[in-house]
Amino acid sequence: MAAIFVRSLIYNVLFYVLTVCWIVVALPTFLMPRAVILTVARWWARSSLWLLRIVCGVRTDYRGTEKIPKGPLIVASKHQSMLETFALVQFFDEPRYILKRELLWIPFFGWYLNKAGMIGIERGTGGRPLLDMVRRAREAVQRGAQLIIFPEGTRTAVDAPPQYKNGVGVIYAGCQAPCIPVALNSGLFWPRRSFLRYPGTLVIEFLDPLPAGLPRDEFVARVSAAIEQASRRLVDTARTEQAELFGGIPGPSSAKV
């Protein structure tokens, strides 16, 4: 555990130093096309993941990438850690995240999110703000974007009961685009509200796409079931591997975090 603490501390310091460096490098992109800031975001993601592997021994395994459809798409992902907020950008030509509006107010970082065309939403308000968000999402998808959404609205602990929001169904119905569910086990290696980073194989798995045009209730039931079943499988497998890694003693990930 002492080694994990030290490596995690080193990684977090280097991660934020690296992030600041990329923020500085990206300054000229304010005067350039949107595609340039997306390229910088992909470099930031890849360098951060490389650093995570080198310092903390967390290898990232991507599965099912061949299932990702081309063109307009909704990407509905499980959300257990900060990692997927930047790791997913690597796989899409025109990614647009739906995120909480407050992130757009962060100096520099939020300005880059605006430059990249991300869609902010005021959580918990419903009504007109939700309709406005759906309109913007539909317009982006009609222009060929891949809309990335976390259906539970926020990061959830590995063993927390799923709480899928109605918004994912509203967005799906409004955009009329296929949806690819994404399962993962990132919370075992990058737990929320913790600076510790545990070694092992972090998996992000793209599942079978759902077609456009399903009834909204059926879509929500199918996408949530697919994500939860696959994520549970990935978590159970990773916990077995971590128990072996820690000499047969259940690793720190076996606790509810």
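For residues in region 150-198 being among the β-branched types (V, I, T) and closer than 29 Å to I4 by Cα, which is surrounded by the fewest Cβ atoms within 10 Å (Cβ to Cβ)?
Top of the filtered list is T154.
Which number in (1) closer than 22 Å to R96 by Cβ; (2) crowded, with 16+ Cβ neighbours inside 10 Å; (3) modelled with pLDDT of 95 or more marks the one condition that S231 misses?
(1)
Does region 171-181 hold any residues that are within 16 Å of E152 (Cα to Cα) and either assigned to a loop (DSSP other than H, G, I, E, B) or not aromatic (F, W, Y) (or both), and which are they?
I171, C179, I180, P181 - these are the residues of region 171-181 that are within 16 Å of E152 (Cα to Cα) and either assigned to a loop (DSSP other than H, G, I, E, B) or not aromatic (F, W, Y) (or both).
Return the total of residues in region 23-40 being surrounded by fewer than 18 Cβ atoms within 10 Å (Cβ to Cβ) and not in a loop (DSSP other than H, G, I, E, B).
Residues meeting the conditions: 11.
Is region 94-104 home to any residue that is farther than 23 Å from Y172 by Cβ, at pLDDT below 95 and surrounded by 15 or more Cβ atoms within 10 Å (Cβ to Cβ)?
Yes: region 94-104 contains one or more residues that are farther than 23 Å from Y172 by Cβ, at pLDDT below 95 and surrounded by 15 or more Cβ atoms within 10 Å (Cβ to Cβ).
Tell me the residue from E218, E205 that is surrounded by fewer than 16 Cβ atoms within 10 Å (Cβ to Cβ) and at pLDDT 95 or above, please.
Answer to the check: E218.
Going through V20, V55, V25, V40 one at a time, which residue ends up being more than 30 Å from Y164 (Cα to Cα) and free of Cβ contacts under 8 Å to residues at least 12 places away in the same chain?
After applying the criteria, what remains is V20.
What are the pairs, 6+ residues apart or on separate chains, where a residue within region 128-157 that is in contact (Cβ under 8 Å) with a residue 24 or more places away in the chain has its Cβ under 7 Å from a residue that is of a type in the set (F, W, Y)?
Q146/F92; I148/Y97; P151/Y164; E152/Y164
Could you pull out the residue among G200, G117, G174 that is of a type outside the set (F, W, Y), out of contact with any Cys (no Cβ under 8 Å at 6 or more places or on another chain), more than 25 Å from T39 (Cα to Cα) and in contact (Cβ under 8 Å) with a residue 60 or more places away in the chain?
G200
Residues checked against (1) outside any helix (DSSP H, G or I); (2) touching a helix residue (DSSP H, G or I) at 6+ places or on another chain (Cβ under 7 Å):
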residue	(1), (2)
L9	no, no
V13	no, no
Y16	no, no
R42	no, yes
L51	no, yes
E66	no, no
I74	yes, yes
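If M82 meets every condition in (1) modelled with pLDDT of 95 or more; (2) within 13 Å of the chain's Cα centre (by Cα) apart from one, which number is that one?
Every listed condition holds for M82 apart from (1).
Could you check T154 against (1) in a loop (DSSP other than H, G, I, E, B); (2) among the β-branched types (V, I, T); (3) over 17 Å from the mean Cα position of the chain (by Cα) and say which number it fails?
(3)
Among the residues of region 208-224, count how many are in contact with a strand residue (DSSP E or B) (Cβ under 9 Å, 6 or more places away or on another chain) and part of a helix (DSSP H, G or I).
So the answer is 4.
Which one of these does L147 not meet: (1) surrounded by fewer than 21 Cβ atoms within 10 Å (Cβ to Cβ); (2) in contact with a helix residue (DSSP H, G or I) (Cβ under 6 Å, 6 or more places away or on another chain); (3) in a strand (DSSP E or B)?
Here L147 meets the rest and fails (1).
Residue under question is A160, and the condition is that it be under 21 Å from E94 (Cα atoms) and either more than 16 Å from the chain's Cα centre (by Cα) or of a type in the set (A, V, I, L, M) (or both); does it hold?
Judged against the criteria, A160 is not a match.
Okay, residues lined up against (1) within 30 Å of L14 (Cα to Cα); (2) of a type outside the set (A, V, I, L, M, F, W, C); (3) touching a residue at least 40 places away in the same chain (Cβ under 8 Å); (4) part of a loop (DSSP other than H, G, I, E, B):
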| site | (1), (2), (3), (4) |
| --- | --- |
| G169 | no, yes, yes, no |
| A183 | yes, no, yes, no |
| G187 | yes, yes, yes, no |
| F195 | yes, no, yes, yes |
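The values are calculated or read from the model by the stated rules, or taken from the named source; none is laboratory data. Small disclaimer: the values here were computed from a predicted structure and weren't measured. Glycine gets a Cβ as well: all are built from the backbone with ideal geometry, and neighbour counts include every protein chain shown.
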